[in-house]
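> One structure coming up, written as structure tokens, with questions to follow.
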Number of protein chains: 2
Amino acid sequence: MSSPPAADAGTPSFSPLYQQIRALILQRLQAGEWRPGEPIPSEIDLAARFRVSQGTVRKAIDELAADNLLVRRQGKGTFVATHAEQQVQYRFLKLVPDEGTPASEGPAERTIVDCRRVRASADVARALALRPGDPVLQVRRVLAYGGEPTILEDLWLPGGPFKGLTAERLAQWRGPMYEMFESEFGVRMVRAEEKLRAVLPDTDQASLLGVTLQTPLLSVERIAHTYHDAPMELRRGLYRTDAHHYRNDLG
Amino acid sequence: MSSPPAADAGTPSFSPLYQQIRALILQRLQAGEWRPGEPIPSEIDLAARFRVSQGTVRKAIDELAADNLLVRRQGKGTFVATHAEQQVQYRFLKLVPDEGTPASEGPAERTIVDCRRVRASADVARALALRPGDPVLQVRRVLAYGGEPTILEDLWLPGGPFKGLTAERLAQWRGPMYEMFESEFGVRMVRAEEKLRAVLPDTDQASLLGVTLQTPLLSVERIAHTYHDAPMELRRGLYRTDAHHYRNDLG
DNA sequence: TAGTGGTCTAGACCACATA
DNA sequence: ATGTGGTCTAGACCACTAC
């Protein structure tokens, strides 16, 4: 009790205690010690483990909650965030109908157009931090709302973490794809960055979306990352924006 | 000292103390008591004024800083956020060049195409929380990068707060338009929401941007708000995305 | 009733900026 | 040397949830 409290468990550098605690919690999240949806130990418990005050643990958790990695629930505990929760489903999908709410038009009808194992091209490899030629899973699917094909998505997943993923399993899954990644492959996406452009479709894309070659479409290239910013998915979407729009809030 | 600390200055409801403090600070910000770029009183000072602990003031300021309304600077103080700071200039502009950094291509060349006083149409009135027919200022301008016209913007401002704004003053201003709104009209934009679509230009738009009628463009409709979510600007942008893209980070 | 996170306080010390 | 925000602690009490 005479020496200052130490929370070292392999953490190297000098930084505020609560940042070190944050890093330790992050490590355990990444290691899968606490799985999505499950509660992490209480603040008092963690404070005892790490030999720091509850206030310091609290500040570490505050940051992780602000980053959407943890969710606090008063009276219940602190939980590992998940894409499965009703509230935050489709957290990364910003396309909303011009009229009504996303819920009002019901869930999307999904069609897997293609799903196969390929070798990473140069740009896919760069996006996923792989080497060209490395095995990746390539998927093409169409999302329709009220019978109208609205989104065409091509996505690439690194072969290693997603070993065993097939068109059948994709087609059978109900609910968000990111929820399946969590529960079936232990890959939780925590952050994504998107590049948007206006483009015209090629003939394949136009026919899959049921539009002409002169229809402007919103191109959305997304790279989704898991813990520690490791890229785990490249997704290229083509959105019809005749009855929907991409909504963005600037803080 | 015997009674519980009270921070009431017209605040009505029961809510955490720090939320009440936050509301009080917000009021003073809105009233212009502390202007953009200026420091607000120190935490100790505010704690004394409001008769609460420094920790409570700190938590209130933490939230306001997270919302980009205040900026903390260690050793110096806490300052009212402003669009004038080098770091956060063009905070609401998400169009970046495909290669290089926004800075590398230098500031945009700006041309005011049109600027006049009109009566609000139905949709402009709705966006700005005015009544149809109310006076508004309508501006059209083109932004070019490296000689290439890239952005065409139409914007509408409520006539009252922006009385005295003319094409000359707009053309003469160097730096971000939102900085001018702050320093010349006392209107600080704190939040914005955008709706994005892919569209084709009409003939006027195409000629101003130097593109064909078949060139897909990114349509960005923005409503910018000042304190307390009051809408103060409607802006409709058309972005060329052949050498730029709209970058968005999803937390 | 017990356990959780949420609020509030008081005080100590540190890091940074300025004079 | 002084004043600012940043960190850390310890303890009290509140609000919510579950049993």
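The values are calculated or read from the model by the stated rules, or taken from the named source; none is laboratory data. The structure presented is a predicted model; accordingly, all values stated were derived computationally and were not measured. Here the Cβ positions follow ideal geometry from the backbone for every residue, glycine too, while neighbour counts run over all protein chains shown. Ligands, DNA and RNA are stripped out before the accessible areas are found, and what is left, the full protein with its side chains, is counted by its heavy atoms. Shrake-Rupley method; radii C 1.70, N 1.55, O 1.52, S 1.80 Å.
> What's the Kirkwood radius of region B:28-114 in Å, using all Cα pairs? Kindly include the intermediate steps, with their values, before the conclusion.
Numbers: mean 1/r = 0.0644 Å⁻¹.
By the Kirkwood definition, the hydrodynamic radius is 15.5 Å.
> To continue, here is another question. Near B:Lys94, which lysines are there with a Cα under 19 Å away, not counting those fewer than 8 places off in the same chain?
Within reach: A:Lys94, A:Lys195, B:Lys195.
> For region A:147-203, what is the convex hull (Cα atoms) projected area averaged across all directions, in square nanometres? Could you put the intermediate results ahead of the total?
Values: hull surface 24.1 nm².
If I average the Cα hull's projected area over directions, I get 6.0 nm².
> Let me ask another. For the protein assembly as shown, give the magnitude of the charge dipole about the Cα centre (Cβ charges: +1 Lys/Arg, -1 Asp/Glu; no others), in debye to the nearest 20. Numbers along the way, then the final one.
Details: 64 positive and 64 negative charges, 186 e Å.
Dipole magnitude for the protein assembly as shown comes out near 900 debye.
> Count charges around B:Val142 for me, please; just the other residues with Cβ under 14 Å from its Cβ, Lys/Arg as +1, Asp/Glu as -1.
Details: positive: B:Arg110, B:Arg140, B:Arg141, B:Arg235, B:Arg236, B:Arg240; negative: B:Glu109, B:Asp114, B:Glu148, B:Glu153, B:Asp154, B:Asp204.
Its environment carries a net charge of 0.
> Rounded to the nearest whole Å³, what is the per residue volume of the convex hull around the Cα atoms of region A:81-211? Can you show the working numbers first?
Values: hull volume 17.6 nm³, N = 131.
Convex hull of Cα atoms, per residue: 134 Å³.
> Report relative contact order for chain A in percent, whole number only (criteria: Cα-Cα under 8 Å, sequence separation at least 6). Walk me through the numbers before you get to the answer.
Numbers: 411 pairs, mean separation 39.6, N = 251.
Answer for chain A is 16 percent.
> Send over the semi-axes of region A:176-251's equivalent ellipsoid, whole angstrom and largest first, taken as the square roots of 5 times the C-alpha gyration tensor eigenvalues.
Ellipsoid semi-axes (Å, largest first): 28, 15, 11.
> Could you please state, rounded to a whole Å, how far the C-alpha centre of region B:115-176 is from the C-alpha centre of region A:149-177?
Between the Cα centres of region B:115-176 and region A:149-177 lies a distance of 45 Å.
> Something else about it: How large is Rg over Rh for chain B, taking Rg from the Cα atoms and Rh as the Kirkwood inverse mean of 1/r across Cα pairs?
Details: Rg = 21.0 Å, Rh = 20.3 Å.
So for chain B, dividing Rg by the Kirkwood Rh gives 1.03.
> Across peptide B:193-205, what mean number of C-beta atoms from other chains lies inside 10 Å of a residue's C-beta?
Mean number of neighbouring Cβ atoms from other chains: 5.
> Using the heavy atoms of the protein chains alone and a 1.4 angstrom probe, what is the accessible area of the protein assembly as shown per residue in square angstrom? Can you show the working numbers first?
Values: 25100 Å² over 502 residues.
On a per-residue basis, the protein assembly as shown sits at 50 Å².
> Please name which of B:Ala122, A:Leu213, B:Leu17 has its Cα lying farthest along the dipole of the protein assembly as shown towards the positive end, using unit charges on Cβ (Lys, Arg +1; Asp, Glu -1) and the Cα centre as origin.
B:Leu17
> Can I ask one more? So how exposed is A:Ser104, as accessible area in Å² (1.4 Å probe, rounded to 10)?
For A:Ser104, the solvent-accessible surface is approximately 80 Å².
> Which helices count as membrane-span-like in chain A under these terms: full DSSP H, at least 15 Å along the axis by C-alpha, Kyte-Doolittle mean of -1.0 or more? Write down the numbers at each step before the final one.
Working: long enough: A:17-30 (20 Å, 0.12); A:54-66 (18 Å, -0.16).
Within chain A the helices that satisfy the rule are A:17-30, A:54-66.
> Further question on the same structure: Along the positive direction of the dipole of chain A (beta-carbon charges: Lys, Arg +1; Asp, Glu -1; about the Cα centre), which of A:Tyr239, A:Gln54, A:Leu165 reaches farthest?
Of the options given, the answer is A:Gln54.
> To continue, here is another question. Taking the Cα atoms of the protein assembly as shown alone, what are Rg (to one decimal) and Dmax (as a whole number) in Å?
Using the Cα atoms of the protein assembly as shown, the pair Rg, Dmax is 25.5, 78 Å.
> Calculate what fraction, in whole %, of the accessible area of chain B sits on carbon and sulfur atoms when a 1.4 Å probe is rolled over the protein chains.
Working: 6460 of 12540 Å².
Carbon-and-sulfur percentage of accessible area, whole number: 52.
> Using protein heavy atoms only (no ligands, DNA or RNA), what is the total accessible area buried between B and A, 1.4 Å probe, nearest 100 Å²? Walk me through the intermediate numbers first.
Values: alone 13810 and 13820 Å², together 25100 Å².
Interface area, both chains combined: 2500 Å², rounded to the nearest 100.
> Got the A:Pro132 label distances to the other copies yet, label 7 Å along Cα→Cβ, in nm, shortest first?
Reported distances to equivalent positions: 5.9 nm.
> P(r) tail for region A:80-142, what percent of Cα pairs lie past 15 Å? Intermediate results must be reported in sequence, preceding the final value.
Values: 1347 of 1953 pairs.
Distances greater than 15 Å cover 69 percent of the Cα pairs.
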